[in-house]
Amino acid sequence: MPAQFETFLCLSDNIGVLMHDPSTGATATIDVPDAGAVLAAAARRGWTITDVLITHEHGDHVQGVADVKEKTGAKVTGPAQAMAAAPVDAVIADGSRVAVGNLKGEVHATPGHAAGHVIFHFPGESAAFVGDVLFVMGCGRVSGSMDDMWRSVSKVGSLPDDTRLWTGHDYTLSNAKFAMSVEPGNEDLQKRFMRAETLKANGELWGTTNVGMEKLTNPFLRVKEPVIRKSTRLTESATPREVFAALREMKNKF
Ligand SMILES: [Zn+2]
């Protein structure tokens, strides 16, 4: 039976997501920005949280983990870097396997935004939880090395096109505006920009996407496009990684 998902707003712009295995009843929360919001979402669906999967050690992703563990007895799985901020039971790293009931996931190390950042890919569900590596039409801020972030963003982009992505934040309208500023002639992007405006005006969340749509509209996955390279004022000899770094700097100031 395919997994079921519940997506909801936490705090001001964090995306909460639950993944439920109907065959066993197991339910994972990916990060816990706000324990109250996560427990309420589970209660709405009649699900009991059995697992917490942590993408990275930032406070707005782990601050509710201890509370959820205490109230549900859930098993907490996360990178070593999260141990100082959350009660991690099972430490994972690049290449680790995770299971939520019968749903099987793979862990990929994706440093750059945070040293311990990982993504969880569930190939059988065509689903991945990418935390603050990739956002709809954007990518996370870089606290570590730009090379690491470029590799991590590229890793997400290398998943199959039909992979559904759950991101850590809804920064979609702001990302769409930046994307339009570097590639205004992209028709797929124009459509998504209009949709982002409509959703924002209606107070609706937009924090999920898929790899194929991001490859068509996310400038950080389109650094080989000449028009995007030109927007950074780099010459034709610039490498994709250099264009990526320049683009990320431009977004910081946008
Ligand atoms: Zn973060």
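Restricting attention to the range 48-68 and to residues that are assigned to a loop (DSSP other than H, G, I, E, B) and not hydrophobic (A, V, I, L, M, F, W, C), the residue that is nearest to the ligand (Cβ to nearest atom) turns out to be His58. The single condition among (1) assigned to a helix (DSSP H, G or I); (2) hydroxyl-bearing (Ser, Thr, Tyr); (3) under 24 Å from Ser154 (Cβ atoms) that Thr198 does not satisfy is (3).
Scanning the range 1-22 for residues that are open to solvent by 60 Å² or more (accessible area, probe 1.4 Å) and either in a loop (DSSP other than H, G, I, E, B) or touching a helix residue (DSSP H, G or I) at 6+ places or on another chain (Cβ under 7 Å) (or both) returns Met1, Pro2, Leu11, Ser12.
Among the residues of the range 33-53, those identified as open to solvent by less than 40 Å² (accessible area, probe 1.4 Å) and touching a residue at least 40 places away in the same chain (Cβ under 8 Å) are Trp47, Asp51, Leu53.
Residues in the range 216-229 that are out of contact with any Asp or Glu (no Cβ under 7 Å at 6 or more places or on another chain), surrounded by 15 or more Cβ atoms within 10 Å (Cβ to Cβ) and part of a helix (DSSP H, G or I): Phe220, Arg229. In this entry, Ala127 passes the filter for residues that are away from the ligand (no atom under 16 Å from the Cβ) and of a type outside the set (Asp, Glu).
From the list Lys200, Lys191, the lone residue that is open to solvent by 20 Å² or more (accessible area, probe 1.4 Å), free of Cβ contacts under 8 Å to residues at least 60 places away in the same chain and touching a Ser or Thr at 6+ places or on another chain (Cβ under 8 Å) is Lys200.
Checking the stated criteria, Arg141 turns out to be within 23 Å of Leu9 (Cα to Cα), within 16 Å of the ligand (Cβ to nearest atom), open to solvent by 10 Å² or more (accessible area, probe 1.4 Å) and out of contact with any Cys (no Cβ under 9 Å at 6 or more places or on another chain). Within the range 69-87, the only residue that satisfies the criterion of being within 16 Å of the ligand (Cβ to nearest atom), in a helix (DSSP H, G or I) and either touching a Leu at 6+ places or on another chain (Cβ under 8 Å) or open to solvent by 60 Å² or more (accessible area, probe 1.4 Å) (or both) is Gln81. Among the residues of the range 103-119, those that are in contact (Cβ under 8 Å) with a residue 60 or more places away in the chain and either acidic (Asp, Glu) or away from the ligand (no atom under 11 Å from the Cβ) (or both) comprise Leu103, Val118, Ile119.
In the range 150-182, the qualifying residues are those that are open to solvent by less than 50 Å² (accessible area, probe 1.4 Å) and within 12 Å of the ligand (Cβ to nearest atom), and the one that is nearest to the chain's Cα centre (by Cα) is Thr167.
The values are calculated or read from the model by the stated rules, or taken from the named source; none is laboratory data. The structure presented is a predicted model; accordingly, all values stated were derived computationally and were not measured. Glycine gets a Cβ as well: all are built from the backbone with ideal geometry, and neighbour counts include every protein chain shown. Please note that ligands, DNA and RNA were not included when accessible areas were found on the heavy atoms of the full protein model with its side chains. Shrake-Rupley method; radii C 1.70, N 1.55, O 1.52, S 1.80 Å.
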